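Below is one structure, written out as structure tokens, with a few remarks after it.
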Amino acid sequence: MHKTSNITIALVSLFLCKATIAQKQNTPNVVIIYTDDLGYGDISCYGATKVKTPNIDRIAKEGIQFTNAHATSATCTPSRYALLTGEYPWRKTGTGIAAGDAGSIIQESQFTLAKLFQNAQYQTAVIGKWHLGLGGTNGPDWNGNIKPSPNDLGFNYSFIIPATPDRVPCVYVENHQVKNLDPKDPLEVNYKTPIGTDPIGTEHPELLLMKADKQHSGTIVNGVSRIGFMKGGHKAYWNDENMSDELTNRAVQYITTNKSKPFFLYFAIQNIHVPRVPNPRFKGKSGMGERGDAILELDENTGKILRVLDSLKLTKNTIVIFSSDNGPVLNDGYEDNAVEMLNGHKPGGIYRGGKYSKFDAGTRVPTLFRWPSGIKPNSVSDALIGQNDFITSMAKLIKQPIPTNAAPDSQELLDVLLGKSQNGRTSFVEQGIVGFAIIKGDWKYIPPAAGGAVMKDKNMETGNNPLPQLYNLKNDGGELKNVATQYPDKVKELSQLLIDIQATKK
Ligand code: NG6
Ligand code: CA
């Protein structure tokens, strides 16, 4: 009798234990390290030799590295919109680069990647650069309750840079409020005219750490002039030198606090966007100026995230995703010697163009997935994937439904992301700052477009050409040989496909 009940107890506990393991495997933690303006060629696992990124390379070694993975767009706001909603951003107006006082671009009624995880009882957080607008249509109430904030879009916790590090307001927002705001010194933001008495770049160039273009010559904070003007809020100002550390420490803290729950952390670190003001401990370390030093800072802080997962024994059952919101740019408004000190480094790898561009370096970004419980180490995949595909793929993984009409442009590619299949997308639409391109199989087509071939201030090729452009990416990844006249049928096919995809009512 005793024996039987002992056996029963043993069996029941074995069953429960197995069930918990199975349940845990169905609910791995997910951390997306989403970098800013990091190019395909900017890290060593993608071929960089002038700068070394051992921590980021570790993710590749222990997981899967994608060679044909894309942000939907060559700028930040639309790419982030697509990552979080699974919708091509150009289907919705108002998804271009957002001003620092823009209203929330994602509506509270919309389904998001964060809501997906929330529905599965995850803890969810965004820490880092938001740049998707805040508040109602007239923008946020900086001195009150900011709503909608990311907390209304599926995140239980948020600690964000409202827009970009080069845009006012230069303050962090935690959940619904500006962090450290002194009510006696209310914060005001204006994107049209100077306000307040703080110095601005056009009038006080002697106060600047680095020269800026006209657009970046508004209010000066920490010796850096920004886009836009602000008044008040002084106690809430961020410190640029500590920004990467501040965000990383908060991410580490978040992981530590939530170690025993399933969590989803969208860690949108600001590196390597302008203004590039890495912590002084990196000064001169890359030999490539501030841009290179910012890559080293990104690498070190990525290492901190990996190590906290190690020390909490979460590595095995945490999916770490590493990617970038758009391709690389050297001069993006500040004179920080990024061009002069490049030292032969190729930020876009073999790919042409960069941030803003319809050429491939605009959207083809480093993309790594690591999940020791589900992905073989040292894997490489050439499958075509988009960041808009993550949402439905994650839904499959955690066995959650996607509401009808949500994530309309997201293809479920879970097996591809886990390295079990090479069957990625058959086609993908790339969005430049102006206009589009389409990839289908080995081919890439860019429709004829008016407008300059080069953005002069940035020395960046746009991809504009009055003639149709067709490239064979397999033989000519660098898009150097336009073969449109040799393959008129291909031109016709891809041109029509782009029209059809864009016309499809989603
Ligand atoms: C552009 C800014 C650029 C950068 C970009 C946003 C000018 C001339 N250029 O408008 O410096 O801030 O917006 O970058 O103002 S992104 O990575 O967030 O898309
Ligand atoms: Ca960006």
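The values are calculated or read from the model by the stated rules, or taken from the named source; none is laboratory data. Fair warning: this is a prediction, and the values are worked out from it, not measured in the lab. No Cβ is skipped: glycine too gets one built from the backbone with ideal geometry, and neighbour counts run over all protein chains shown. Side chains are part of the model used for accessible areas, which takes the heavy atoms of the whole protein and leaves out ligands, DNA and RNA. Shrake-Rupley method; radii C 1.70, N 1.55, O 1.52, S 1.80 Å.
Some notes on this structure:
- Matching entry among Phe369, Phe322, Phe359 (being of a type in the set (Phe, Trp, Tyr), away from ligand 2 (no atom under 16 Å from the Cβ), under 19 Å from Arg80 (Cβ atoms) and buried (at least 24 other Cβ atoms within 10 Å of the Cβ)): Phe369
Yes or no, residue by residue, for (1) of a type in the set (A, V, I, L, M, F, W, C); (2) buried (at least 19 other Cβ atoms within 10 Å of the Cβ):
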residue: Ala71; (1), (2): yes, yes
residue: Pro78; (1), (2): no, yes
residue: Ala82; (1), (2): yes, yes
residue: Gly86; (1), (2): no, yes
residue: Ile97; (1), (2): yes, no
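- Some residue of segment 332-345 being open to solvent by 20 Å² or more (accessible area, probe 1.4 Å), more than 16 Å from ligand 2 (Cβ to nearest atom) and free of Cβ contacts under 8 Å to residues at least 40 places away in the same chain: no
- Unmet requirement for Pro54, which otherwise passes all of (1) touching a Leu at 6+ places or on another chain (Cβ under 8 Å); (2) open to solvent by 40 Å² or more (accessible area, probe 1.4 Å): (1)
- Given (1) in contact (Cβ under 8 Å) with a residue 60 or more places away in the chain; (2) within 30 Å of Tyr334 (Cα to Cα); (3) open to solvent by 30 Å² or more (accessible area, probe 1.4 Å), number of the condition Asn465 does not satisfy: (1)
- Taking first residues from segment 31-53 that are assigned by TED's automatic domain parsing to the domain that holds Thr164 and partners that are more than 16 Å from ligand 1 (Cβ to nearest atom) and at pLDDT below 95, the Cβ contacts under 9 Å between residues at least 6 apart in sequence or on separate chains come to Lys50/Asn343.
- Residue list for segment 275-319, restricted to those being within 22 Å of Arg80 (Cβ to Cβ), free of Cβ contacts under 8 Å to residues at least 60 places away in the same chain and within 16 Å of ligand 1 (Cβ to nearest atom): Arg291, Ala294
- Flag if Thr77 is of a type in the set (S, T, N, Q), within 12 Å of ligand 1 (Cβ to nearest atom) and at pLDDT 95 or above: yes
- Condition broken by Asn343, with the remaining ones in (1) touching a strand residue (DSSP E or B) at 6+ places or on another chain (Cβ under 8 Å); (2) modelled with pLDDT under 95 satisfied: (1)
- In segment 402-443, the residue that is nearest to Gln387 (Cα to Cα) out of those that are part of a strand (DSSP E or B) and among the β-branched types (Val, Ile, Thr) is Val429.
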